[in-house]
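Q: Would you mind keeping the following structure in view while I ask a few things?
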Amino acid sequence: MSFKVSVIVPVYNVEKYLSRCLDSLVNQTLSDIQIIVVNDGTKDNSQLIIDEYVKSYPHKVFSYIKENGGLSDARNYGLKYVESDYVGFIDSDDYVELTMYEKMFKQAINFNHDIVVCDIQYFWEDSPNTVVLKGLKDSGETDIKKSALLSPLFAWNKLYHKDLFLKTKLRYPKHLWYEDIPVTTPIFALSKSIGYVNEVLVHYQQRSSSIMGAAYSDKLFDIFKVLELMLYFFENEGLLEEYHAELEYVYIEQLIIYGGFRFLRTKQYSELLNHSLTTMNLKFKDWRDNIYLSKLNIKYRLYVRFINSLTIHIYRIIFKLKY
């Protein structure tokens, strides 16, 4: 059978959410879809659920079982079985709009894009609140590749031409959190054309066990490793100067702004933030003057301007009062 889009779904201990995810995929308005479900050594009843979908949709759902190697390893494993020109990834506790892949595929084909992005909705298990995140930020930057580098770097709100993985040999780093960053950033830089569907098509669940929800873990330090991997690629490809301001902003966002707020929730906030400040000063000595900081609201700009080894303790107090 010929497929237009392949979707890789890593599965590990998600029996509570898996049917919701798979229902959103098997009922896509794009009928020619290959759903590659990778059981990454799950210990719950997820495989029983997968088996039911394989039985009900034998020409759409394909099950593969491997030893546990983590999210990145499952994604990389699934790439071996892609039979279409375009591929996407979905985490098995999230779900998508039924029109997602039809709309993104049409954008890719009609305009010859090799990557298409869409908007994201955050939602919580225990709250009715939702937050919408634009898949492509309005940064004022005319170069769409640079705008993309300033946008959410998740793997799963995107549709990729498979050559972006096959020709570049890019793979998600194993056993690291934040694994999307050192793959998404090179893909944006290497792509010939980027498309955008200005619409929420993917729903991203926030759980206490997720990276965003984690109060503290030694894995929070993985952000320094993945940023180093990202920077190494751009240096090795001779692209560092061209994308210096954008990569600098990725560092600021991941270590000081959103990453910094995450660190402030932990008891080890001082160690994490001081390491972040040291890294920023070492990698980008003038980072507080990054051109994209002017797009932030005044509170964020003041926070970035004045954060240091002393004021982090003040911000910690303010953060606790606010949250």
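Bear in mind that the values in this text are calculations on the coordinates, not laboratory data. None of the values given here were measured: they were computed from a predicted structure. Because the Cβ atoms are built from the backbone with ideal geometry, glycine has one as well, and the counts that use them run over all protein chains shown.
Q: Connecting C-alpha atoms closer than 10 Å in a GNM of the chain, tell me which of LEU71, LEU255, LEU48 has the biggest fluctuation.
A: LEU48
Q: Related question: Quick one: what are the phi-derived ³J(HN,Hα) couplings along the range 161-168, Karplus 6.51/-1.76/1.60 with θ = phi - 60°, whole Hz, x for glycine and proline?
A: With coefficients 6.51, -1.76 and 1.60, one gets 5, 4, 4, 4, 9, 5, 7, 8 Hz.
Q: Report the Cα-based extents of the range 30-92 along its three principal axes, largest first, to the nearest Å.
A: Ordered largest first, the range 30-92 gives principal extents of 31, 25, 16 Å.
Q: Could you quote the convex hull projected area for the range 5-206, Cα atoms only and averaged over all directions, in nm²? Present the calculation step by step, with values, prior to reporting the outcome.
A: On the way: hull surface 43.3 nm².
Convex hull of Cα atoms, orientation-averaged projection: 10.8 nm².
Q: Using θ = phi - 60° and the Karplus relation 6.51 cos²θ - 1.76 cosθ + 1.60, list the HN-Hα couplings for the range 60-75 in order, rounded to whole Hz, with x at every Gly or Pro.
A: Values, residue by residue: 10, 9, 10, 9, 9, 10, 9, 5, 4, x, x, 4, 4, 4, 5, 4 Hz.
Q: On a 0 to 90° scale, report how tilted helix 222-236 is relative to the longest principal axis of the chain, with both axes built from alpha carbons and the result rounded to the nearest 10.
A: 90 degrees
Q: Would you work out the relative contact order for the range 35-114, in percent, from Cα pairs under 8 angstrom that are 6 or more residues apart?
A: Numbers: 55 pairs, mean separation 24.9, N = 80.
31 percent.
Q: Tally Lys/Arg at +1 and Asp/Glu at -1 over every other residue whose Cβ is under 15 Å from the Cβ of ILE187; what's the total? Don't skip to the answer; put the middle values down first.
A: Details: positive: ARG75, LYS145, LYS146, LYS158, LYS162, LYS167, LYS169, ARG171, LYS192; negative: ASP114, ASP163, GLU179, ASP180, GLU237, GLU246.
Net local charge, ILE187 excluded: +3.
Q: If you don't mind, another one. Given the options LEU239, LEU150, LEU264, state which has the largest fluctuation in a GNM of the chain using a 10 Å cut-off (strictly under) for Cα springs.
A: LEU239
Q: For Cα pairs less than 8 Å apart in space and 6+ apart in sequence, what is the mean separation divided by the residue count of the chain, i.e. the relative contact order in percent? Please report the intermediate quantities before stating the final value.
A: Numbers: 556 pairs, mean separation 50.5, N = 323.
The normalised contact order for the chain reaches 16 percent.
Q: Taking the Cα centre of the range 5-91 as origin, work out the dipole magnitude from +1 charges on Lys and Arg Cβ and -1 charges on Asp and Glu Cβ, in debye rounded to 20.
A: On the way: 8 positive and 12 negative charges, 11 e Å.
The calculated dipole for the range 5-91 is roughly 60 debye.
Q: Nearest 10 degrees, 0 to 90: what angle lies between the long axis of helix 100-111 and the longest principal axis of the chain (Cα atoms)?
A: With rounding to tens, the tilt is 80 degrees.
Q: Moving on. Based on the alpha-carbon gyration tensor of the range 87-197 and its eigenvalue square roots a ≥ b ≥ c, which shape applies: rounded if a/c is under 1.5, prolate if not and a/b is larger than b/c, or oblate? Show your work: numbers first, answer last.
A: Working: a/c = 1.43, a/b = 1.25, b/c = 1.14.
Rounded is the answer for the range 87-197, as its axis ratio a/c remains below 1.5.
Q: Which residue, LEU201, LEU296, LEU170, has the most motion in a Gaussian network model of the chain that connects Cα atoms within less than 10 Å?
A: Judging by the Gaussian network model, the answer is LEU296.
Q: I would also like to ask the following. Once every DSSP H run of n ≥ 4 in the chain is given -39500 (n - 2.57) and the sum is divided by its residues, what mean residue ellipticity at 222 nm do you get, rounded to the nearest 500 deg cm²/dmol? Kindly include the intermediate steps, with their values, before the conclusion.
A: Numbers: 13 runs with 128 residues, N = 323.
Theoretical 222 nm ellipticity from helices: -11500 deg cm²/dmol.
Q: Considering only LEU98, SER309, LEU190, whose Cα is most displaced toward the positive end of the charge dipole of the chain, charges sitting on Cβ of Lys, Arg (+1) and Asp, Glu (-1)?
A: Comparing the listed Cα positions along the dipole, SER309 ranks first.
Q: Report the relative contact order of the range 218-322, percent, no decimals, based on alpha-carbon pairs under 8 angstrom and at least 6 residues apart.
A: Values: 57 pairs, mean separation 30.8, N = 105.
The value is 29 percent.
Q: Would you please give the residues with an amide H less than 5 Å from that of TYR196, counting only those at least 5 places away or on a separate chain, with H modeled from the backbone geometry?
A: Correct list: VAL117.
Q: Now, a different point. Taking the DSSP beta bridges in the chain as the whole, what percent of them are antiparallel, to the nearest 5? If you can, show how the numbers build up before the last one.
A: Working: 13 of 40 bridges.
Around 30 percent antiparallel, to the nearest 5.
Q: Please report, in whole Å, how far the alpha carbons of the range 218-322 spread along each principal axis, starting with the longest.
A: Here the Cα extents, ordered largest to smallest, are 45, 32, 18 Å.
Q: By per-residue mean of other Cβ atoms within 10 Å, what is the highest-first order of 244-252, 89-97, 12-20, 138-146? List each step's numbers first, then the result.
A: On the way: 244-252: 20.4, 89-97: 22.6, 12-20: 17.8, 138-146: 14.6.
Result, highest mean Cβ count within 10 Å first: 89-97, 244-252, 12-20, 138-146.
Q: Starting from 0.36 nm per residue, how many nanometres of slack lie between ASP23 and LYS219 once their C-alpha separation is accounted for?
A: Numbers: separation 196, 0.36 × 196 = 70.56 nm, distance 3.18 nm.
Stretched fully, the ASP23-LYS219 segment lengthens by 67.4 nm.
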